[in-house]
Amino acid sequence: MKTEGQNTEIELKRLNKTLQTLSNSNRAMRYAQDEIEYLEEVCKIIIEDCGHAMVWVGLAEDEENKKVIPVAYSGFDQGYIKTLDITWAGNKHSREPTGTAIHDGKICSCKNMQIDPNFEPWREEALKRGYASILALPLMNKDKSFGAVTIYSSEPDPFSDDEIKLLADLADDISYGIITLRLSTAKSKVEDALLTSEARFDEVLDNFTDAFLILDSKWRYVYVNAAAEKFANLSREEMLGEVICNVLPNFVNSIPYKQCKKTMKDKIPRTWTTKAVIGDIWSEFRAYPWKNGFSLFIRDISKRKNTEKALRESEVNALTNLENLEKVLDAVPAAVWIANDPKAIHISGNKLAYDWLNLPLGSEISKSAPEEDQPDTFKMFKDGTDLKPEEMPIQMSARGEEINNFEFSFVYPDGSQRQMLGNATPLLDENGKPRGSVSSFIDITERKLSDEKLKKTMDELSRSNQELEHFAHVASHDLREPLRMITSFLQLLEKRYKDQLDQNANEFIGFAVDGAKRLNNMIKDLLEYSQVMKKEREFNPVKLDKVLEETLINLVVQTEENNVTITYDPLPNIMGDEKLLVYLFQNLIGNAIKYRSQETPQIHISAIKQKDHFLLSVKDNGIGIDSEHLNRIFTIFQRLHGNEEYEGTGIGLAIAQKIVHLHGGRIWAESELGKGSTFYFTIPKIEY
């Protein structure tokens, strides 16, 4: 899956090109004879290897006006350099990055010419030639700058931190090359006038940052600069006149020894890279022959080596990450498709994506591909319509649209289908323009079938419930009429013939009347139960404090007769049906009074605010409920006591449960026989 690693791959290519530039510029210096020719060749190498718009080298004048003099360039110039008027004096003409880099001795850049106020004097001419940004790198001799290499790019802010580090190494190499060529030019004069100009020669070489040695044909130190003293951790007095092998025993048979020996023999300059004998430091060696021996430059390149090592490790890590990403995507239980261009002409995917399309791994997936390359193993439909390529989610996303919860169907040649659901998101380039898309879709065929089956079941259940509710309502009304007649005639019989019947007859009539009354109450409660289930409820803001107040008014006779103590906490405001909530509280508090113990009844109502609901409770000190019966008490017509102990029909708590469910909550009880009961129920928190 190369798309995820594209940015890393592009950056690695740029850094590799810059490393190639370093190598080629070193080769150019090795064969250079003239400073200007060398600089022109280096400029040409930078343009050809790195692909920048233009590059030029300017040297700093030490005169009063401190001008920057262009000496070499390459790339698309069109007379631009002639328009420049740059100094390094710290005035407005030195705000251009080249002047600033020379003045400060530090890398300076203009990341975007169009908006950088310091670049205003040069903007018009630069923009005419398509330049967008500049990177200026100072040429240094020890701590002092003597010029700059300035690189122009047609892109804004194109240089990464790693590339700038490599280009800084390149500037150091160019500085080294210029100084080396200048030293080489003066070499013959130095050799002829060594004794008379030793002080000046020492001054020049002591300012050089690389170690510099001169050894005679018998391997004795003739000259050592300050950097060489530091490199060897020895003083000049300890080295001059001594044979190098006596000072550094490990030098014998080392790579530098063998290379220097060849240079003395064939009089050919040599350059090589290896770890130094001292300090195990990666160094670059340059050996130059002279008539009585050879000179040797030694440069510490450990930073460059570390950079190269880091780049190699980055390449390995990038490849490893890509391989790991492919494994992860293949393990995902979803089809992942990636469009690699804005028109989604080329689309790739993970293993499951190919499996669901009945295509071999790696083959072309896109319906936007040329007709002869388009896959024919599937079609895509949405809402019964065959989708055109431009209507498909991957293609729409590749154009820049964000696609969410997109449903469609794959239809295969055999008529079978696969229902899909997923998202697609655009992939953007560095300028924020669409360059492709990535999408993830799951198979929801089974879910759709289950949803359809569930809907059918729910429709049938709803119809059945409606029929049952209607039956209960009608049956309740129809049953109460003959029951009222039976009750009336039994009461009339009892009234008229009470004195004419014996005790057993009167008792039988009493049983019949009592049974008829209880049956009437059951039918009445059943009718109330069906009404709770049937009626459409519209919830409104309700103050539960007011609901409780109305409930206690309704129960005032029972509370006074039983000397009941009722306490309660502040209750919340909710959304609900006020009448149903009054019935709920009245049922729970009424039960607490009905099932009292020998103690004075004490009832407490509380409410606790929780994350998304209120938890309310009604606690009493009554007779309690055996824990094994707690799962039965909310079932219709389920009673734990006979009618001779406590009156009732066994419907009250069933209605209470329905009321709580209608409000989106749940109800349960906790109790222990002889120790009272607590009924809990929840009501959702709803903003209003």
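Figure legend. Inter-residue proximity from region 174-185: first residues closer than 20 Å to Asn24 by Cβ, second residues modelled with pLDDT of 90 or more and basic (Lys, Arg), beta-carbon distance below 8 Å, spacing 6+ or different chains. Indicated pairs: Thr180/Arg286.
Do you know which residues across region 91-120 are open to solvent by 70 Å² or more (accessible area, probe 1.4 Å) and in contact with a Phe, Trp or Tyr (Cβ under 8 Å, 6 or more places away or on another chain)? Listed by number, the residues that qualify are Arg95, His103.
Among all residues of region 73-90, there is at least one that is closer than 13 Å to Tyr131 by Cβ, of a type in the set (A, V, I, L, M), open to solvent by less than 40 Å² (accessible area, probe 1.4 Å) and in contact with a strand residue (DSSP E or B) (Cβ under 9 Å, 6 or more places away or on another chain). Contact map, region 658-677: first residue under 26 Å from Asp577 (Cα atoms), second residue open to solvent by 90 Å² or more (accessible area, probe 1.4 Å), Cβ cut-off under 7 Å, separation 6 or more or different chains; pairs are Val660/Arg666.
Kindly provide the set of residues from region 21-39 that are among the charged types (D, E, K, R), surrounded by fewer than 17 Cβ atoms within 10 Å (Cβ to Cβ) and assigned to a helix (DSSP H, G or I), ordered by number.
Start the filter on region 21-39 by keeping residues that are among the charged types (D, E, K, R), which leaves 27, 30, 34-35, 37.
Narrowing further to those that are surrounded by fewer than 17 Cβ atoms within 10 Å (Cβ to Cβ): 27, 30, 34, 37.
The answer is Arg27, Arg30, Glu37.
Every residue in region 401-428 that is open to solvent by 40 Å² or more (accessible area, probe 1.4 Å) and over 16 Å from Ile444 (Cβ atoms), please.
Let us first name the residues in region 401-428 that are open to solvent by 40 Å² or more (accessible area, probe 1.4 Å), namely 401-402, 404-405, 407, 413-419, 423, 425, 428.
Glu401, Glu402, Pro413, Asp414, Gly415, Thr425, Leu428, listed by residue number.
If I go through region 333-348 residue by residue, how many of them are at negative phi and buried (at least 23 other Cβ atoms within 10 Å of the Cβ)?
Just the residues of region 333-348 that are at negative phi, to begin with: 333-343, 345-348.
When the remaining residues are screened for being buried (at least 23 other Cβ atoms within 10 Å of the Cβ), the result is 335, 337-339, 347.
Residues that pass the stated criteria total 5.
Could you tell me whether region 42-57 includes any residue that is open to solvent by less than 60 Å² (accessible area, probe 1.4 Å), at pLDDT 85 or above and more than 46 Å from the chain's Cα centre (by Cα)? Checked against the condition, which is being open to solvent by less than 60 Å² (accessible area, probe 1.4 Å), at pLDDT 85 or above and more than 46 Å from the chain's Cα centre (by Cα), region 42-57 yields no hits at all. Is it true that Lys230 is under 16 Å from Asp216 (Cα atoms) and outside any loop (DSSP other than H, G, I, E, B)? The answer is no for Lys230. If the condition is being among the aliphatic types (A, V, I, L, M) and surrounded by fewer than 16 Cβ atoms within 10 Å (Cβ to Cβ), then region 234-262 contributes Leu240, Val243, Val247, Val252, Ile255. Can you find a residue that is out of contact with any Phe, Trp or Tyr (no Cβ under 8 Å at 6 or more places or on another chain) and among the basic types (Lys, Arg) anywhere in region 24-42? Checked against the condition, which is being out of contact with any Phe, Trp or Tyr (no Cβ under 8 Å at 6 or more places or on another chain) and among the basic types (Lys, Arg), region 24-42 yields at least one hit.
(1) surrounded by fewer than 14 Cβ atoms within 10 Å (Cβ to Cβ); (2) in a helix (DSSP H, G or I); (3) not basic (Lys, Arg): which one isn't true of Thr8, the others all being true? With respect to (1) surrounded by fewer than 14 Cβ atoms within 10 Å (Cβ to Cβ); (2) in a helix (DSSP H, G or I); (3) not basic (Lys, Arg), Thr8 is out only on (1). Of everything listed in (1) surrounded by 16 or more Cβ atoms within 10 Å (Cβ to Cβ); (2) farther than 26 Å from Thr18 by Cα, the single unmet condition for Lys265 is (1). Across region 112-164, the number of residues qualifying as of a type in the set (Lys, Arg), under 19 Å from Lys67 (Cβ atoms) and touching a strand residue (DSSP E or B) at 6+ places or on another chain (Cβ under 9 Å) comes to 0.
Filtering region 196-213 down to residues that are polar (S, T, N, Q) and open to solvent by less than 80 Å² (accessible area, probe 1.4 Å), which residue is modelled with the highest pLDDT? Break it down into steps so the answer makes sense when it comes.
From region 196-213, those polar (S, T, N, Q) are 196-197, 207, 209; that's our starting set.
Still in the list and also open to solvent by less than 80 Å² (accessible area, probe 1.4 Å): 197, 207.
Working: Ser197: 56, Asn207: 74.
Among them, the one singled out is Asn207.
Checked against the criterion of being out of contact with any strand residue (DSSP E or B) (no Cβ under 9 Å at 6 or more places or on another chain), at pLDDT 75 or above and crowded, with 19+ Cβ neighbours inside 10 Å, the candidates Gly652, Gly622 yield just one match: Gly652.
Looking only at residues in region 130-174 that are among the aromatic types (Phe, Trp, Tyr) and open to solvent by less than 30 Å² (accessible area, probe 1.4 Å), which one is farthest from Ala72 (Cα to Cα)?
Phe159
Given the criteria outside any strand (DSSP E or B) and under 30 Å from Met396 (Cβ atoms), does Gly436 qualify? Here the answer is no, as Gly436 does not meet what is asked.
Scanning region 388-400 for residues that are more than 13 Å from Ile345 (Cα to Cα) and open to solvent by 80 Å² or more (accessible area, probe 1.4 Å) gives a single hit, Lys388. On inspection, Ile574 does not qualify as on the phi < 0 side of the Ramachandran plot, open to solvent by less than 40 Å² (accessible area, probe 1.4 Å) and modelled with pLDDT under 90.
Restricting to region 340-384, and then to whatever is among the aliphatic types (A, V, I, L, M) and assigned to a strand (DSSP E or B), can you tell me which residue is modelled with the highest pLDDT? Taking the candidates together, the pick is Met380. Of the residues making up region 400-433, those that are in a loop (DSSP other than H, G, I, E, B) and among the polar types (S, T, N, Q) are Ser416, Asn431.
If only residues of region 9-41 that are hydrophobic (A, V, I, L, M, F, W, C) and farther than 19 Å from Phe285 by Cβ are counted, the one that is farthest from the chain's Cα centre (by Cα) is Ile36. The condition (being modelled with pLDDT of 90 or more and either within 24 Å of Leu662 (Cα to Cα) or within 54 Å of the chain's Cα centre (by Cα) (or both)) is satisfied by just one residue among Ile608, Ile566: Ile608.
Quick check on region 548-565: of everything there that is under 15 Å from Leu588 (Cβ atoms) and not hydrophobic (A, V, I, L, M, F, W, C), which residue is least open to solvent (accessible area, probe 1.4 Å)? Checking each candidate, the answer is Thr551.
For region 245-304, a tally of residues being free of Cβ contacts under 8 Å to residues at least 24 places away in the same chain, under 24 Å from Ala28 (Cα atoms) and aromatic (Phe, Trp, Tyr) returns 2.
Looking only at region 592-619, residues that are crowded, with 21+ Cβ neighbours inside 10 Å and part of a helix (DSSP H, G or I) come to 1 in all. Within region 602-614, residues that are farther than 9 Å from Thr567 by Cα and touching a residue at least 12 places away in the same chain (Cβ under 8 Å) sit with their Cβ atoms under 8 Å from residues that are open to solvent by 100 Å² or more (accessible area, probe 1.4 Å) and not in a strand (DSSP E or B), at 6+ positions apart or across chains, in these pairs: Ala607/Pro570.
You will find that of Ala227, Ala193, the residue that is open to solvent by less than 30 Å² (accessible area, probe 1.4 Å) and either at pLDDT below 85 or hydrophobic (A, V, I, L, M, F, W, C) (or both) is Ala227 and no other.
The values are calculated or read from the model by the stated rules, or taken from the named source; none is laboratory data. All figures in this text were calculated on a predicted structure; none of them were measured in a lab. Virtual Cβ from ideal backbone geometry, glycine too; neighbours counted across all protein chains shown. Keep in mind that these areas ignore ligands, DNA and RNA; they rest on the heavy atoms of the full protein, side chains included. Shrake-Rupley method; radii C 1.70, N 1.55, O 1.52, S 1.80 Å.
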